[in-house]
Every structure is written in C-alpha cells, then in structure tokens.
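Engineer: Got a structure for you, questions after.
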Amino acid sequence: MINLARRDIANHLGRYILTGFGLGLLIGVTLTMAGVYRGMVDDAKVLLGAVGADIWVVQQHTLGPFAEPSSLQDDVARSLEGLPGVARTGNVAYLTMQVTHAGKDQRVMIAGYTPGRLGGPAFLIDGRPISRAHYEAVADVRTGFEVGDRLRLRRTDYTVVGLTKRMVSSGGDPMVFLSLKDAQETQFRKDNEAIINDRERLAANPSVNKPGQPGLLPVVEELQTESHRVNAVLVRVETGQDPRRIADTIKRWKHLTAYTNKEMEDILIAKLIATAARQIALFLIILAVVSAAIVAFIIYTMTLGKLKELAVLKLIGTRDRTIAAMILQEALGLGFIGFFVGKFAATLWAPVFPKHVLLLTDDALRAFGITLAICALASVLAIRAALRIDPAEAIGG
Amino acid sequence: MKSWPKLLGLALGTALFAASFAWLLLRHGPLAPVGVQLGTIVRTDLQPSVFGIGTVEARSTYAVGPVAPGRVLKVLVDHGEEVQAGQVVAEMDPIDLDRRVQAARSASLRSQQALKAAEAQVVEAESRAKLAGSNRDRDLGLLAQQAISRHVLDNSTSDAERAEAALEVARATAAAAQQDLERLKAEYQGIVSVRSSMKLRSPVRGIIVSREAEPGTTLVAGQAVVRLINPAQLWVRTRIDQARAGGIQVGQFAGIVLRSVPGETMPGRVARIELQSDSVTEERIVQVSFDLPPPHLALGELAEVTILLPSKSGVLLVPSAAVAHEGAEAGIWRMVEGHAHFLPVALGNQDYAGVTEVLAGLQEGERVIVHSSAQLEPGARVREQALGTR
Amino acid sequence: MSEPAILIENLTKRYGSGPTAVDALKGVDMRIERGEVVGLIGPSGSGKTTLLKCLGAVIEPTSGRFTLAGEVIYDNAWKRKDLRALRRDRIGFVFQAPYLIPFLDATDNVALLPMLAGVANPVARAMALELLTALDVQHRARARIPELSGGEQQRVAIARALVNRPPIVLADEPTAPLDSERALSVVKILDRLAREYQTAIIVVTHDEKIIPTFKRIYYIRDGKTYEERGEGRAL
C-alpha cells in the first residue's frame, strides 16, 4: 500500500511547507509568549538564586525588600552571625534608580553588598568582582556598560569593573552591584541643595543651634546625613541545618521577620508578578486556542479541497480508515513542521526581546505534544467531513 | 526521474533546516553548554595594598578667640590670608578697660608720691636721731667731766631714744608705702595685659581658613573669631575597612588621589593609626600625611588613599572572579572533561587588582573557570568560549 | 453460454416515502454477458443515473434482485456486508471526467485498487503497467495526472476500472469531453478490452457518435428499461 498522505503532500509540497511555515510562526509566537511568562517568573527568581541566601531577614511585619519597603540597622547582621547554625551573613540594600548610559536613561536596580559576604553576583562574564570598598560597580551586561566604563550615580562616579549576565530585579530591570557603603550613601544621600537647605533649617532652629553650645549643630547635621540602615540581611545556614528552624528562631527572638528562600520566592511570584503573569497566561491560552482553531481550519479547508478525489477514493473501495489516516497524517505533518519552525523562530528571536524570554525544554516538549494533539483533534473535524462524503457523488452529479 | 532535482532539493532543505535547528538549540537554546572563560593560577610577587576614602584635614587647627566674653571690635585678617606668629588678627571691644588702666596708673603714681613722702620722713627722723644721739654722747662726756648734771644727761638720753623710735616709725611707714606701690603697679600691669588681650594674636605662622565672627558679634569665652592652620602640616583622615587594616603600620608609603585631581597620585605616608576605631562603620581611622604640600588647599576634600603593604614574594594567585561559594565553603570551579566541578580552596585576601591569594588547594599553572555565562551547577556541561561584550 | 456477467431482475428504487415518494426505477430487467459492451441511453430524469448508482452499489435499491457473475449481490437486501470491497474488486468505474487522483502518478492511480485489496506494491504496479500497456499509455506510466491529455487521462481511468478484472465496468458518459475521433477510439478500446478481459461494459451515454456502435442497447424511460438491438456498426 502506498502512503496517500505522503503522495498528497508531495504533490503540492510548496504549499504544504508554506502552510506549515505560517503555522510555525504562529506556534513560535505561542512559544515565545510561554517564554515571556517563564522569563517573568524566572526574572523573579534569578536574584534569589544568584544571591544564594537560605534566609532573608527583613523588618518586622513586612514582606521583604522587594514587595514592601524594609529597613534594618546594619548591625543586625552581627547579632545574627552569632546564632548557632548560621554560616554566613550579608547586609544588602536595594534601590531602583535611573542611570544614564550613552545618553539614554534606563532603570536599574542598585544592589549594595559587602564584598566577600553574601549578596554579591554569583558569576561574572567579564572583569572582576568589587574589591575596593568604594567607587566600583559590577553591572549587568544588559545595561550596556562595559568593563572600564564610568557610571554616575548621584554625584559619584563609579568604575565598572565586572559584568554579570541575567542579573535582573524581579521587575526585570538590570542590576548594578555596588559596595554596601556606596549603596547606602546613594540611597540615603540627598542632593546638595537639599543638604544645604536642611543645614540652614537646622541652623535656624534655636534648640539645636544654641549660642552657648557651638559644637551641637555639626553633630546633629552628621546624624541627619549618615545612615547605617540596610533593606535586608541575608543568611546562609551551615550544611545540614534546617533554614525553617533558624528562621523561626530569628522571628521569635530578634523581633524581625525572616523568610526562607522558598517563602521569598513565593512572595515574589505570588505578590509581585501574579497579575502580570496571569495576564500573560490568559493571553497564552487564547493564543493556543486561536492556533488550534487555525490549524483546524487549515486542515478542514485542505480536506474540502479534495472532496471529489475523496469521493472517488471511496467509490473505488478505499476504506474509511485509510482516508482518515491520510488526513490525520497530513495534519500531524503540518503540526510537526509548524512545531519545529516555531521552535526555531522562537529560539532565534528570543534573545532580541528587551526582557528575558526563557524557553524551557519541558515547555517545548509539552508544546510539541499539545501541537500534535491539537492537530489530531483538528483533523477529526476534517475526517468527519471526509467520511460523510457519499461515494455516489462521484457518479453522475 | 524528473523529480530527482526536486527530491534532492527537499532533502537538502530538510537537512539544512535540521542542521541549523540543532545548531541553534545547541548554541543558544536550553541544551547549550554554559560558556566559560578559563584563567591560570600564577605564582608571582604580590604588592598588597589597602584602599580607603578620607578627607583632607590639617594636623592641628588653631582657633583664635577671646579669653573672656566680649564684643568683637575689629577683624584685621580675612580668609586665606597668611599671618605671622604674634600678628594681631582681631581686636575685642575694650569697653571700660582703658579707663580702668588710667585709674590703676593714677593710683600707682599716687602711691609713688606717698612713698617719696615717707622716705623724706625717714631722712628727717634719721637726722633727728643722729642729732639726739650726738647730744647724748656729748652730755655723757660732759657728765664724766662733771660739767653737767646728771639731770641734763637723762634729758638728752631720753631725747635720743625718742628720736630712734621716731626713725623706726618713719622707716616702717616707708616700707608700707613701698608695698602699696608694688601692689598698685602689679594691678596696673594686670589691667594693661587684659587690655592687650583684647588684641587677638596668631599663635603660629599659618593661613586663615575661616573667619567666624564679624565686628559687633558678641562671643562667649573660647569661641573662635578666626581659625588658622599650618599648611605645611596636612594629612588625610582615612577610613579603612577593619577587615583590611591589619597590616598597616606608621611610615608605610601611600598614594593619595584628590577628588579634584583624579588623574594624579600624590605621595604620602602613614603618619598615625588612631587607637580608637569606628565600631558602627567597622572602619579604622588612619592619618596619612602628604610628603609634599598639595598644590592647592581644600580642607574637607575627599581623597582616595591606597596604602602599600609590604610585598609578598612567590604568592599563588587566582583571579577574584573565579572565587565562588558552594554552601558555606569557598572555592573555585574547574572544567573537567567538559563538566564543571567545584573545588574547595583555602583562600587569603583579595587584592584590589582583582586577584585573590591561594593558601592551599591549588597548584601553579592549574586552569580554573573565571567567567561563566550562567550560574554553574556541579556537573553542568561547560564549553570554553569568548564571553563579554568586546 | 455460461452465467451472465450481470443479471438484474425487477429492480425498483423509490426515493422518499408516503405521498411524496418518487419511483425512480419501476422494475428494471437486464442481462449482460461477459465480453459484451452494451449502451444505456435515455433522457434526463429517466432513472439512468439511479440505475447506475444501484449497479455501482453506492445506493440501495428498494426491491428486486441483482446477481453479479453468479453471486447474488442484492435480493431485496444487500447480501454482502462490505460494499466497498465489492466495488473495489467486482465493479469498474469510468466517469465522464476521469476523476483520477491528482497526487498519484498514472501507474499508482491504477495500482491503487489492487493495493487497497492488499496486493503487494510491486505486484500491483506490474498489474497496473500491464493495463496501461494494453491501453497504450505505458509511456506515460510515471507521469503526474495533470500532465496527461484528456484522452490519456481517460485511458488511465479505463485501466483503473479494469485492473482488478471486475465482471462489469460501469462507464458514465466516458466520451463526453472527447472529439468524435477520440470518442470512437475509446469505444473501440472498451470493446476490445471487454472481450480481452471477459468483462461486461455498460456505457451510459448521450453521445450520438457512439450510439450506433453498440450491438445491444438498453433504453430507459420512466424507470423502465427496454432492450433494443443496436446497429453494431463496425469500428
């Protein structure tokens, strides 16, 4: 027996491949949309993964440094370091700022950490980590900076000494790592005019600027400008220790809120990107349904174009099974071409997107299965139409 | 037969698509190995250094002000002027001081006159006593010759004794007048020196860095009218991370880069390591003096200070970017037959040039993963390739 | 003479039921021997197409008896379950338009029938090639259908109808699109093949050019057939 589907396809191969190609682009869009969704979720998790903390300690009754503001004294880390089971700690400060690069403003997330302690970038693709306590920065490659570039924040110039990759905030903004002291200064330092205004206001305040106490004013001024606050303290526990238990201890005795890495992930995904993710997920579903409908139409139209031939085939004794198999094979073939073209296209254009598009192999396999299932389902309509054809139509008219 | 070229084209097209698809997946897709750049462990001499930020300060600041509360009368110098030691820089309003000087002087003059009068009385009493004495001596001789009566002698003796006593009184009066004069002289000199303290003088040769009061301002004792410093004695009050401050010693060479002259490193030396460190910022305070006075004077200017520690020879170094942490352990990643492996390594301090000292666990010449295009997991497939943007 | 290729006795066909029922066939009797080519002619609406469909086993008659090469196919009900296999193996079809499968080449169009019956591909192709050779289109054996001329297509269609050696071939206006010379050559071929393959061929036609060539003609009118002697003009 010859394969009717193969012959039919070979007969108008160009059209078939073009149809598959078009379908592929549609599948590519669907895959990309799934990638956007995955990328969004991954963006939320990438910082947590890179930082590698087991516990996030934040201000009491807050949802951590990303979902809610959190402020702690930076000596909290020292008291946490003394807890049994705690291996390493690190103070971190996060803030979102605009930086200008090559004349273009962009939003970045500044992350301050103490070099050598927790909170730094996990890997670099160029350069070296921050080694000086001041004026050095490690930027994500997506900011466009290169090693050796100068980066201006507030009134300080920083030298970019290293580059990271895939270091983004939960919102997808690229990150710039600074030393903690620099980040604190950037976070809490006002601009010069504000400082001068504040000084004048203080100097005009008679209770601070008493004639008989000339030393009081500068002390108050310094108190106002200095800050030793951080947004969170990261904790890594010793191997074999249960982060949950240590987090509970911190919560109970230190009057702070402590989240395990998993809880933090849930906060970021559930609280921060839930709506956006649902939006994309819904759109993804619609896209999948539309794709399925288009596949069904394509296959149905393909079949309707062959009604006469199918009637003849039936008249001369072709079994329903053979005809159904032919239509099914053609549909699956379309799905097959479509999937690979789509995967190809999605992989090709994914890096061009401004935000991370994460194409998971699992998703691709799932999409492959779904595509074939949709094609099979779509061909049912066409098969039903084909089987309803009366072979008598071939005779007479 | 005629479908041969078509078949060939189809086969070629399919093969091409499959090949590029595979290439794309292996290169950019999820199956792609993690791109890494390797570096080599080197043994070399290390010149460790410590970096800190500081502000330019004068070694000592002189605040010139009145010793007593008062009102500023004149300020004779202005910001930036150079003054000599002893030069009058400001004057306080003396108010009634001049009159009090006058009074003291008058009192002392008067007591001088009184002393003179007392001294004249002494002279007079002396001559009286002398006369009375010689009368008594003569009467004594005359009595021996029985020329006069005993009665006469008694009289002259009594006269002499009275004259002696009067002399004693006159002398005591003169001494008292002398004392009085000295007291009034001292009083006068005191009031004069108070008066002269109304003229505020520079204690040293230096430069006025601030003029803090203007004529008419009333100051409390100890408040400054002007501040001055010695420009030859400047240093940078440098804050150094406690974790790195261990090797610093007085006399070590340091490079100072002023914020205003970013390209130029000025030589300096560690002059003092303060005993008290800042427990809040976890920093030590190190004073670094300039070898040569800076070209321009700007106190409070930020400066970056790099202190050179004694060099170590033959140290194993790994690029700092290679250092990673797995759990609580520090170490490096190695590429073994295309897979990443973590190796715990004992590491020393990181240097500012981006290298870290290896204490144990690695040999010279070993290759380690320095840069990677993704976070490494144990056993992850890796491939050496050029990363970075250039 | 042995049993006829086809024997039809009192075959009726009623469309619908009740007062609106239409009797398309009102008792048709036919007997055609193997190797015989007969014409079936009649005006439009005479029941010609209905008869063809009943003979082709694509619609069910209402009553009567239909015997194909000795096998009773229909006796007030279908006697065979698998009409598809019946059509495939026992009945050949030639249509007005050739209705070849455009995505198969000439050989495979013909070979498809034995293949559907489970004959191995090379054997089926050999059978097809034999028929194509008999029809003198073997030189176009691997050609795609759209590349064939109308006459060539019709020959391939005839080859397909005959490849399974059916006892009857139903030809519905096989010469309609052809000019008279070609039409006559088609009839000539049918005549030759009917004898060669011992097949009865029923040619439904209006074509004035070919009617005179039949030796025997069934004339159908108002659902009844009347047998007539044809001119049997030499070809």
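Engineer: Report yes if some residue within region B:334-357 is among the aromatic types (Phe, Trp, Tyr), under 30 Å from residue B:271 (Cα atoms) and assigned to a loop (DSSP other than H, G, I, E, B); otherwise report no.
Structural biologist: yes
Engineer: Could you grab me the full set of residues in region B:191-225 that are farther than 17 Å from residue B:58 by Cα and in a strand (DSSP E or B)?
Structural biologist: B:199, B:200, B:201, B:218, B:219
Engineer: OK, next. Go through region B:31-64 and count every residue that is assigned to a loop (DSSP other than H, G, I, E, B), within 13 Å of chain A (Cβ to nearest Cβ) and surrounded by 14 or more Cβ atoms within 10 Å (Cβ to Cβ).
Structural biologist: 2
Engineer: Next up: How many residues are modelled with pLDDT of 85 or more, within 28 Å of residue A:54 (Cβ to Cβ) and assigned to a strand (DSSP E or B) when one looks only at region B:304-329?
Structural biologist: 4
Engineer: While we're looking at this one, here's another question. Within region C:1-35, which residues are of a type outside the set (Phe, Trp, Tyr) and free of Cβ contacts under 8 Å to residues at least 40 places away in the same chain?
Structural biologist: Once the filter is applied, which keeps residues that are of a type outside the set (Phe, Trp, Tyr) and free of Cβ contacts under 8 Å to residues at least 40 places away in the same chain, region C:1-35 yields C:1, C:2, C:16, C:17, C:18, C:19, C:20, C:21, C:22, C:31.
Engineer: Restricting attention to helices (runs of 4 or more DSSP H) lying wholly within region A:120-228, give those where 1 or more residues are away from chain B (no Cβ under 14 Å) and within 30 Å of residue A:277 (Cβ to Cβ).
Structural biologist: A:180-188
Engineer: On the basis of being under 25 Å from residue A:253 (Cα atoms), within 22 Å of the chain's Cα centre (by Cα) and aliphatic (A, V, I, L, M), does residue A:93 make the cut?
Structural biologist: yes
Engineer: If you don't mind, another one. Just checking, does region A:239-262 include any residue being exposed (fewer than 13 other Cβ atoms within 10 Å of the Cβ) and among the polar types (S, T, N, Q)?
Structural biologist: yes
Engineer: Need a quick list: helices (runs of 4 or more DSSP H) entirely within region A:234-345 having at least 3 residues that are among the aliphatic types (A, V, I, L, M), within 29 Å of residue A:372 (Cα to Cα) and within 14 Å of another protein chain (Cβ to nearest Cβ).
Structural biologist: Once the helices (runs of 4 or more DSSP H) in region A:234-345 are filtered for at least 3 residues that are among the aliphatic types (A, V, I, L, M), within 29 Å of residue A:372 (Cα to Cα) and within 14 Å of another protein chain (Cβ to nearest Cβ), what remains is A:307-315.
Engineer: Can we say residue B:281 is among the polar types (S, T, N, Q) and over 22 Å from residue B:79 (Cα atoms)?
Structural biologist: yes
Engineer: Given the criterion touching a residue at least 12 places away in the same chain (Cβ under 8 Å) and touching a His at 6+ places or on another chain (Cβ under 6 Å), identify the matching residue among A:148, A:112, A:144, A:171.
Structural biologist: A:144
Engineer: Related question: Count, please, the residues in region A:50-71 that happen to be within 10 Å of residue A:256 (Cα to Cα) and of a type in the set (Ser, Thr, Tyr).
Structural biologist: Number of matching residues: 1.
Engineer: Can you pull out every residue in region C:63-90 that is assigned to a strand (DSSP E or B) and either at the interface with chain A (Cβ under 9 Å from one of its Cβ atoms) or in contact with a Lys or Arg (Cβ under 7 Å, 6 or more places away or on another chain) (or both)?
Structural biologist: Result: C:68, C:72, C:73, C:74, C:75.
Engineer: Working only within region B:268-296, note down all residues that are farther than 22 Å from residue A:222 by Cα, touching a strand residue (DSSP E or B) at 6+ places or on another chain (Cβ under 7 Å) and not hydrophobic (A, V, I, L, M, F, W, C).
Structural biologist: Those that are farther than 22 Å from residue A:222 by Cα, touching a strand residue (DSSP E or B) at 6+ places or on another chain (Cβ under 7 Å) and not hydrophobic (A, V, I, L, M, F, W, C): B:268, B:269, B:272, B:289, B:291, B:293, B:294.
Engineer: Assuming residue A:355 fulfils every condition listed in (1) away from chain C (no Cβ under 14 Å); (2) assigned to a helix (DSSP H, G or I); (3) surrounded by fewer than 18 Cβ atoms within 10 Å (Cβ to Cβ) apart from one, which condition is it?
Structural biologist: (2)
Engineer: So in region A:239-253, with the set limited to residues that are more than 29 Å from the chain's Cα centre (by Cα) and of a type in the set (D, E, K, R), which one is farthest from residue A:52 (Cα to Cα)?
Structural biologist: Restricting to residues being more than 29 Å from the chain's Cα centre (by Cα) and of a type in the set (D, E, K, R), the top hit is A:252.
Engineer: Could you pull out the residue among A:35, A:28 that is within 14 Å of chain B (Cβ to nearest Cβ), buried (at least 21 other Cβ atoms within 10 Å of the Cβ) and modelled with pLDDT of 90 or more?
Structural biologist: Unique residue meeting the criteria: A:28.
Yes/no matrix, rows are residues, columns are (1) within 23 Å of residue C:103 (Cβ to Cβ); (2) among the aromatic types (Phe, Trp, Tyr); (3) buried (at least 21 other Cβ atoms within 10 Å of the Cβ); (4) under 42 Å from the mean Cα position of the chain (by Cα):
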| residue | (1), (2), (3), (4) |
| --- | --- |
| A:294 | no, no, no, yes |
| A:316 | yes, no, yes, no |
| A:331 | yes, no, yes, yes |
| A:338 | yes, no, yes, yes |
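Engineer: Okay, next question. So, residue C:99, is that one hydroxyl-bearing (Ser, Thr, Tyr) and in a loop (DSSP other than H, G, I, E, B) or not?
Structural biologist: yes
Engineer: Additional query: Part of a helix (DSSP H, G or I), among the charged types (D, E, K, R), touching a residue at least 60 places away in the same chain (Cβ under 8 Å) and within 14 Å of chain A (Cβ to nearest Cβ), is that true of residue C:108?
Structural biologist: no
Engineer: Just to confirm my filter: which strands (runs of 3 or more DSSP E) fall fully inside region C:123-235 and include at least 1 residues that are free of Cβ contacts under 8 Å to residues at least 24 places away in the same chain?
Structural biologist: C:224-229
Engineer: When you go through B:39, B:65, B:35 one by one, which is the residue that is within 30 Å of residue B:302 (Cβ to Cβ) and in contact with a strand residue (DSSP E or B) (Cβ under 9 Å, 6 or more places away or on another chain)?
Structural biologist: Only one candidate passes the filter, namely B:65.
Engineer: Just one of C:9, C:3 is at pLDDT 85 or above and more than 9 Å from chain A (Cβ to nearest Cβ); which is it?
Structural biologist: C:9
Engineer: Also: Right, residue A:150: modelled with pLDDT under 85 and touching a strand residue (DSSP E or B) at 6+ places or on another chain (Cβ under 7 Å) or not?
Structural biologist: The answer is no for residue A:150.
Engineer: Quick one: which of A:105, A:43 is assigned to a strand (DSSP E or B), acidic (Asp, Glu) and away from every other protein chain (no Cβ under 13 Å)?
Structural biologist: A:105
Engineer: Output the qualifying pairs, or none if there are none: Cβ atoms under 7 angstrom, residues six or more apart or on different chains, first residue in region A:369-397 and within 11 Å of another protein chain (Cβ to nearest Cβ) and in a helix (DSSP H, G or I), second residue of a type in the set (Gly, Ala, Ser) and surrounded by 19 or more Cβ atoms within 10 Å (Cβ to Cβ).
Structural biologist: Here the result reads A:391/A:311; A:393/A:311; A:394/A:311, each pair linking region A:369-397 to a residue that is of a type in the set (Gly, Ala, Ser) and surrounded by 19 or more Cβ atoms within 10 Å (Cβ to Cβ).
Yes or no, residue by residue, for (1) under 30 Å from the mean Cα position of the chain (by Cα); (2) farther than 30 Å from residue B:333 by Cα:
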{"position": "B:48", "(1), (2)": "yes, no"}
{"position": "B:53", "(1), (2)": "yes, yes"}
{"position": "B:57", "(1), (2)": "yes, yes"}
{"position": "B:68", "(1), (2)": "yes, yes"}
{"position": "B:102", "(1), (2)": "no, yes"}
{"position": "B:115", "(1), (2)": "no, yes"}
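Engineer: Let me spell it out: the conditions are (1) more than 9 Å from chain A (Cβ to nearest Cβ); (2) in contact (Cβ under 8 Å) with a residue 60 or more places away in the chain; (3) under 24 Å from residue C:172 (Cβ atoms); (4) of a type in the set (Gly, Ala, Ser), and residue C:97 meets all of them except one. Which number is the exception?
Structural biologist: Unmet condition: (1).
Engineer: Closer than 21 Å to residue A:181 by Cα and either outside any loop (DSSP other than H, G, I, E, B) or more than 21 Å from the chain's Cα centre (by Cα) (or both), is that true of residue A:84?
Structural biologist: No: the conditions fail for residue A:84.
The values are calculated or read from the model by the stated rules, or taken from the named source; none is laboratory data. Since this is a predicted model, take the numbers as computed values, not measurements. Ideal geometry is used to build each Cβ from the backbone, glycine not excepted, and the neighbour counts take in all protein chains shown.
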